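Okay, so here's the structure we're looking at.
The values are calculated or read from the model by the stated rules, or taken from the named source; none is laboratory data. What you are looking at is a predicted structure, and each value in this text was computed from that prediction instead of being measured. Cβ coordinates were reconstructed from backbone atoms using ideal geometry, including for glycine residues, and neighbour counts include every protein chain displayed.
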Amino acid sequence: MNGPLDGLRVLDLTSNFMGPYASLLLADMGADVCKIEAPEGDTTRNVGPSRHPGMGAIFLHLNRNKRSLVLDLKNPAGQAAIRRMLARADVLLYSLRPQAMARLKLSYEQVREANPRLVYCGAFGFGQNGPYAARPAYDNLIQAAVGLPMTQARKTGGPPTYVGTAIVDRMVGMATSNAILAALHLRSHTGRGQAVEVPMFETFAHFAMGDHLYGHTFVPPIGGWGYERMTSPERQPYRTADGYISVEVYTDRHWQRLFEAVGRAELAQDPRYADVHARARHMGELYEFLNRTFATRGSDDWVALLTQVDIPAIRMNTPETLLDDAHMQAVRFFGVQQHPSEGEIRTIGIPQQWSESPATLRHPAPRLGEHTEELLREYGFSAPEVEALLRMGGAQRAPAA
């Protein structure tokens, strides 16, 4: 047993960030993910620092626990091969636009008869019943379309900016893996698969607008858009004598304990700060007070004091210092793995835990086409058929290491 999805067969036709993150989540939970790559490989193979071409840092983290099979789906032999493989798969995951899948003769209508149990999942830009259906989409485009850069601008007082991580790709990837698991749950009752669509635009709008629809929740609106607490310019880490900390002084009791802890117990009786409604009218004063107060000591001193009085607080890390975080070290979240071609690499842990079916790091991220022959045999191709497919250019094996 290598996780709760042990034995689940996934054909992964995705590249870049979003789809590979969805299949990574399934792979980390034990699914057998066959990463089907074009002859030129996934677009992220050369993103970030690398020791060898095609094995960049971003690719290594998005594609562990998967095996790589190179098929040329523009080659009739490659198309025939994947259609044959579908008969033995549980899931087909793709991130091409549906129009491209149809041109490859891989639309749901074209493949469903080969395997009625197949969960056929597409993660792409836009829902297919709207005017944007055929458009391409990327993380930045969807951030902009949903209005996230404008919420950033309201917070910073500057121009609209994108969030500094691939937030759309990873959130929609997470939603995609969730949708696949829901379809598999239904299949366990009915015995039949189905087509599932996870459009980026609508999925990320669902994610963001729960906060920021706000006053427009009501018809007619009874206020503006944007959860004011989230977009407040003062909502930021506090500078200390030697760094920054994040502190959540939220409830009445939090404020009372904070005032007492910093030697200003009398402020707890001040009617301006007595309850959430009064504090809301005087938050500018409170933010000034907090900024002055936290600048007087070091981060570790503040975290220790605030934790002692049960006020949520944590020291701010950088991605580099997170590696040395005491909690992360205790749970061994970051590890070191000997990669067959890349040498020692740092791994990111699997965050969930299962009492009966623990997940493991089974496969390091693969070289392009590293498992082509192995996977074709597992999907029912004989040795002569594999050689014929390679000879016709429908598949490619990895060059000798």
Next on the checklist: Can you tell me which of (1) of a type outside the set (Ser, Thr, Tyr); (2) modelled with pLDDT of 95 or more; (3) surrounded by fewer than 23 Cβ atoms within 10 Å (Cβ to Cβ); (4) not in a helix (DSSP H, G or I) is the one residue 12 doesn't meet?
Outcome noted: (3)
Checklist entry - Which of the residues spanning region 330-359 are closer than 26 Å to residue 49 by Cα and exposed (fewer than 13 other Cβ atoms within 10 Å of the Cβ)? => result 332, 335, 336, 338, 340, 343, 344, 346, 351
Next on the checklist: Against the conditions (1) assigned to a loop (DSSP other than H, G, I, E, B); (2) under 25 Å from the mean Cα position of the chain (by Cα); (3) of a type in the set (Asp, Glu), where does residue 234 fall short? Just the number, please.
Outcome noted: (2)
Item to check | Matching residues, region 245-264, being in contact with a Leu (Cβ under 7 Å, 6 or more places away or on another chain) and either of a type in the set (Gly, Ala, Ser) or outside any helix (DSSP H, G or I) (or both) | outcome: 247, 249, 261
Item to check | One residue from 72, 90 being acidic (Asp, Glu), surrounded by fewer than 24 Cβ atoms within 10 Å (Cβ to Cβ) and either at pLDDT below 95 or within 20 Å of residue 398 (Cα to Cα) (or both) | outcome: 72
Next on the checklist: What are the pairs with Cβ atoms under 6 angstrom where one residue, in region 79-98, is assigned by TED's automatic domain parsing to the domain that holds residue 31 and the other, located anywhere, is surrounded by fewer than 21 Cβ atoms within 10 Å (Cβ to Cβ) and modelled with pLDDT under 95? Sequence gap at least six, or different chains.
Outcome noted: 79/105; 86/111; 86/114; 87/114
Checklist outcome for this item: Out of (1) assigned by TED's automatic domain parsing to the domain that holds residue 66; (2) surrounded by 15 or more Cβ atoms within 10 Å (Cβ to Cβ), the one residue 380 does not meet is (2)
Checklist entry - Out of all the residues in region 255-275, is one or more free of Cβ contacts under 8 Å to residues at least 12 places away in the same chain and at positive phi? => result yes
